[in-house]
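The values are calculated or read from the model by the stated rules, or taken from the named source; none is laboratory data. Because the structure is a prediction, the values reported are computed rather than measured. For neighbour counting, all protein chains shown are included, and Cβ atoms are generated from backbone atoms with ideal geometry for every residue, glycine included.
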Amino acid sequence: MATKLPATQARLFKNIFVCRHCKAKLRTDPRKVLEKKVRCRKCLKKAFRPIKKK
Ligand SMILES: [Zn+2]
């Protein structure tokens, strides 16, 4: 998976979010995150951040 193609990078990072509580990664639609329709499957919290930011 060591590719630098922009399209691949976008696919890898675009729809992935990280739980703010338990750091679980989750691939979902950003719209659903904004609408709070996504719940962490581990801790059931609804706080997510995009995977890129620290
Ligand atoms: Zn969590």
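General observations
- Restricting attention to the range 26-41, the residues that are out of contact with any His (no Cβ under 8 Å at 6 or more places or on another chain) and not in a helix (DSSP H, G or I) add up to 10.
- Flag if Lys32 is at pLDDT below 80 and on the phi < 0 side of the Ramachandran plot: no
- Residue check, Val18 assigned to a strand (DSSP E or B) and of a type in the set (Val, Ile, Thr): yes
- Restricting Ala47, Ala10 to residues that are aliphatic (A, V, I, L, M) and within 16 Å of the ligand (Cβ to nearest atom) narrows the list to Ala47.
- Among residues of the range 21-31, those that are near the ligand (Cβ under 8 Å from one of its atoms) and surrounded by 14 or more Cβ atoms within 10 Å (Cβ to Cβ), counted: 2
- Among residues of the range 27-54 that are without any contact (Cβ under 8 Å) to a residue 24 or more places away in the chain, those with a beta-carbon under 7 Å from a residue that is β-branched (Val, Ile, Thr) and more than 11 Å from the ligand (Cβ to nearest atom) at least six positions away or on a different chain give the pairs Arg27/Ile16; Val38/Thr28.
- Scanning the range 32-52 turns up at least one residue that is touching a helix residue (DSSP H, G or I) at 6+ places or on another chain (Cβ under 8 Å) and surrounded by fewer than 13 Cβ atoms within 10 Å (Cβ to Cβ).
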